[in-house]
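Data block below; observations after.
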2 protein chains.
Amino acid sequence: MASEGVGVGLVGFGTIGAGVAKVLIQNADVIEARLGFPLRLTRIADLDLDTDRGIDVSGIRFDADGQGLLADPEVDIVIELVGGYDFARKLCLDAIGNGKHVVTANKALLAVHGDEIFAAARDAKVDVAFEAAVAGGIPVLRAIREGLAANRIVSVYGILNGTTNFVLTEMERTGADFEVVLKQAQELGYAEADPTFDVEGVDAAHKLALLTSMAFGSTLDFKSIPTEGIRGLLPLDFEAADEAGYRIKLLGIAKGRTEANGEEVIESRVHPTLIPKDSLLANVGGAMNAVAVRGDAVGPTLYYGAGAGEMPTASAVVGDLMEIAREIHRGSSRRVAPLGTPEASLKTKALRNLGDLVSRYYVRIEAVDRPGVLARIAGALGEHGVGIESITQRAAETGEASVPVILWTHEVKESAVRDALADIDALVDVTERSSLIRIEEDL
Amino acid sequence: MASEGVGVGLVGFGTIGAGVAKVLIQNADVIEARLGFPLRLTRIADLDLDTDRGIDVSGIRFDADGQGLLADPEVDIVIELVGGYDFARKLCLDAIGNGKHVVTANKALLAVHGDEIFAAARDAKVDVAFEAAVAGGIPVLRAIREGLAANRIVSVYGILNGTTNFVLTEMERTGADFEVVLKQAQELGYAEADPTFDVEGVDAAHKLALLTSMAFGSTLDFKSIPTEGIRGLLPLDFEAADEAGYRIKLLGIAKGRTEANGEEVIESRVHPTLIPKDSLLANVGGAMNAVAVRGDAVGPTLYYGAGAGEMPTASAVVGDLMEIAREIHRGSSRRVAPLGTPEASLKTKALRNLGDLVSRYYVRIEAVDRPGVLARIAGALGEHGVGIESITQRAAETGEASVPVILWTHEVKESAVRDALADIDALVDVTERSSLIRIEEDL
């Protein structure tokens, strides 16, 4: 242990790193009062030694290279905020190898290399904490891992990406096209210059991989999560959703249940989802995040807050530091496995195929406006056993030869809808690839 | 430690106790998978040995008297679910005296005797956990104590009592009188036969006392919390609130800040509150609970779920059991002080006087409908420096000689409004005691 209190080394002194330093310095009094001892930021490493982050780093050793920090006996806990995969992975493994505890906000790293990092931490008897990696400042991992630990988790529904939630909220509010709103989000700093990971749902899938493992005691399986982004959504989809009493949110969804034959099945998926307007999740607007978790005993719960940003993320990072610091101070560590279930007890569970999903669906078809089109569409659906709740031909956009046809299905297996849409898209009347949005009612 | 796994003794085998037993039995597999060892319900004590709780208690020793349980070396953790003050206090202190850890859902006990019980637990180096005591199944205490531990807490707004939230939701929905809705709530099991503690806000104040200490590191001070219940609310209040874009919720509110002179001031109060309809808290309906917590780093967060009931409360109790069981299993305990700040570091902080509150107010005055009344009311307000945003005379109820006058003030000190209302109530035109509802915008 560091000579006085617990020593912290920070690798990566960008926006989040600066936030962590601010919280540690500005709130040092409350942190020490709660811990009973100080938490000291001992060293910082970042390639950029020059930029002024608005923080007084005098008294803190600041190097371009992290190797010294990783070996420093005054550093008990290493904060990894460099991001990315390879360098961050090596950094975490080196820190663990040196007997350091690790706190990280790097969901991409853990979703892909979590098994390796958690196993190394178990063997070295150190902690890896990552509350900041999922839903930023919201302490939802603690809630699931400990607060709801007595429950068989039934479902997790998360608005896990602030960029896309901001874009969806603005598309709904203004009726503007995706590209227009995305540009505005970039100008306002809500979206990155390359927004691919956010917009395509990859960032949400990283977080969902961690949530799924924690909720269902399953091994990490990011690669298998079916992921759809929000690029394909049109203003019309928001209009039609609104008229029917729904909002469109990009959700990470994980569910678990035991089949009649005793097999444990989980599903884990990221896609735009229609949810009832009066649900709490539907009322989470702008760049905010929220996660709705249902347990068999507790019933529905929800956790809301900022999912990103300098200070909210720093709040979660420093909360993790404090938890680990308490353990170090009492000569202990590894209070709980990072995913809530000891690594050896995590089970490999098959993810349910999206084609087997049973849901209601919103479908948008673009077709030439001529007699018999609706009949042919309805016929194709009927052939595949897809019941139609309503089908409406909307007004054509100015100058368009085709018109959108909006339909809402009854509850049906997704593979049937997809098969029907394949047939529909092959009709000469249909001018563009049809799209569907899944509906979730029971949040 | 008990011979195999960690042993649990349950005192109080009523509704919640039965729920705890159900969770421990039905979810034994997931609990053991997460802990890495079993959690065993070893003994139960309850005066009622006969009622069938629908649980197979064979293999569990079941006595009318709790003394044997408290001394049993096979019992590591005692669950106190007897409720009330004196017996529960003695039970907790005896358990602690015997070196047992304690889990309780008893907010009344802790709000009043928490200091004594927490001090005893500190001296005995055992844990006292009470997640179930505040907002039932919602793991909000963990969130504040650990997830947000890096923050200076700015404010806590809680819907902390399901009974009153149910009544308010129904009054708003149906337009019915308080007494009618209360009776219905009793018939549906949402309100007790003697609903005083709920309806008068006392239960919410018990919970708020615990939240306030946890959020602001202050000693427990239940007695000083200004508390108003919901009995005085009329259907008209809901109508007027709705027209102005508000809903009425019984909130527990705690805020903290540091004055210019360095003095730390906190406020802590329970009363019906007007909050914007589009806030998440306003959309928490029925018997559900929610707590909005703002930290200086994390910004706004919110936690939502069932605040009472057999299984949600059991979820929180067993979550606490698991946390303590982990410590016992690793030969450790007292990971964190029950209130999040070591007892010796809790500060006695003065609660701000309600008269010093600055807010906007909704005011209802009942006055005889004759010329000059509004002028006299407005005059009294003006004399006390209370600015009026709007003043409206509503239609009289059938057969009533007087009419309600609804007014909305500008932001003003509460003592000024109260002084003005004292003058107004002394007018010959005014037929009933006037009432006010505080407005909170910044949830």
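The values are calculated or read from the model by the stated rules, or taken from the named source; none is laboratory data. Treat the numbers as computed from the prediction; the structure is a model and nothing was measured. Positions of Cβ are generated from backbone atoms using ideal geometry, with glycine treated the same way; all protein chains shown enter the neighbour counts.
The figures follow:
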{"item": "Members of the range B:184-226 found to be more than 25 Å from B:Tyr303 (Cα to Cα) and either without any contact (Cβ under 8 Å) to a residue 40 or more places away in the chain or buried (at least 17 other Cβ atoms within 10 Å of the Cβ) (or both), listed by number", "result": "B:Gln184, B:Gln186, B:Glu187, B:Leu188, B:Glu192, B:Ala193, B:Asp194, B:Pro195, B:Thr196, B:Lys223"}
{"item": "Number of the condition not met by A:Val363 [criteria: (1) part of a helix (DSSP H, G or I); (2) more than 14 Å from chain B (Cβ to nearest Cβ); (3) of a type outside the set (Gly, Ala, Ser)]", "result": "(1)"}
{"item": "Odd one out for A:Arg334 among (1) surrounded by fewer than 21 Cβ atoms within 10 Å (Cβ to Cβ); (2) closer than 25 Å to A:Val154 by Cβ; (3) at the interface with chain B (Cβ under 10 Å from one of its Cβ atoms); (4) not aromatic (Phe, Trp, Tyr)", "result": "(2)"}
{"item": "Single match in A:Ile60, A:Ile44 (criterion: among the aliphatic types (A, V, I, L, M), away from chain B (no Cβ under 13 Å) and under 29 Å from the mean Cα position of the chain (by Cα))", "result": "A:Ile44"}
{"item": "Which numbered condition A:Thr313 misses (of (1) of a type outside the set (A, V, I, L, M, F, W, C); (2) more than 17 Å from A:Lys207 (Cα to Cα); (3) within 14 Å of chain B (Cβ to nearest Cβ))", "result": "(2)"}
{"item": "In the range A:76-113, the residues that are under 17 Å from A:Lys125 (Cβ atoms) and surrounded by 18 or more Cβ atoms within 10 Å (Cβ to Cβ)", "result": "A:Asp76, A:Ile77, A:Val78, A:Cys92, A:Ala95, A:Ile96, A:Lys100, A:His101, A:Val102, A:Val103"}
{"item": "Count of the range A:132-148 residues which are more than 7 Å from chain B (Cβ to nearest Cβ) and not in a loop (DSSP other than H, G, I, E, B)", "result": "6"}
{"item": "Only one of A:Ala290, A:Ala306, A:Ala325, A:Ala314 that is under 23 Å from the mean Cα position of the chain (by Cα), touching a residue at least 12 places away in the same chain (Cβ under 8 Å) and over 24 Å from B:Gly158 (Cα atoms)", "result": "A:Ala314"}
{"item": "Residue within the range A:17-35 that is modelled with pLDDT of 95 or more, β-branched (Val, Ile, Thr) and out of contact with any helix residue (DSSP H, G or I) (no Cβ under 8 Å at 6 or more places or on another chain) present", "result": "yes"}
{"item": "Failed criterion for B:Val318 (all others in (1) surrounded by fewer than 19 Cβ atoms within 10 Å (Cβ to Cβ); (2) outside any loop (DSSP other than H, G, I, E, B) hold)", "result": "(1)"}
{"item": "Lone unmet requirement of (1) touching a strand residue (DSSP E or B) at 6+ places or on another chain (Cβ under 6 Å); (2) hydrophobic (A, V, I, L, M, F, W, C); (3) within 22 Å of A:Ala135 (Cα to Cα) for B:Ala297", "result": "(1)"}
{"item": "Yes/no for A:Gly229 being touching a Pro at 6+ places or on another chain (Cβ under 9 Å), within 11 Å of chain B (Cβ to nearest Cβ), in contact (Cβ under 8 Å) with a residue 60 or more places away in the chain and buried (at least 21 other Cβ atoms within 10 Å of the Cβ)", "result": "no"}
{"item": "Residue match in the range A:358-367 (condition: of a type outside the set (D, E, K, R), touching a Lys or Arg at 6+ places or on another chain (Cβ under 6 Å) and without any contact (Cβ under 8 Å) to a residue 60 or more places away in the chain)", "result": "yes"}
{"item": "Filter result (among the aliphatic types (A, V, I, L, M), surrounded by fewer than 17 Cβ atoms within 10 Å (Cβ to Cβ) and either within 12 Å of another protein chain (Cβ to nearest Cβ) or part of a strand (DSSP E or B) (or both)) within the range A:337-354", "result": "A:Ala344"}
{"item": "Among (1) without any contact (Cβ under 8 Å) to a residue 60 or more places away in the chain; (2) touching a helix residue (DSSP H, G or I) at 6+ places or on another chain (Cβ under 8 Å); (3) not aromatic (Phe, Trp, Tyr), the one test that A:Gly331 misses", "result": "(2)"}
{"item": "B:Val11 out of contact with any Phe, Trp or Tyr (no Cβ under 9 Å at 6 or more places or on another chain), over 30 Å from A:Ser218 (Cβ atoms), at pLDDT 95 or above and surrounded by 16 or more Cβ atoms within 10 Å (Cβ to Cβ)", "result": "yes"}
{"item": "Lone qualifier among B:Asn165, B:Asn151 - being buried (at least 24 other Cβ atoms within 10 Å of the Cβ), modelled with pLDDT of 95 or more and in a loop (DSSP other than H, G, I, E, B)", "result": "B:Asn151"}
{"item": "Whichever residue in the range A:17-36 is closer than 14 Å to A:Ile79 by Cα and in contact with a strand residue (DSSP E or B) (Cβ under 7 Å, 6 or more places away or on another chain) and, among such residues, is surrounded by the most Cβ atoms within 10 Å (Cβ to Cβ)", "result": "A:Val20"}
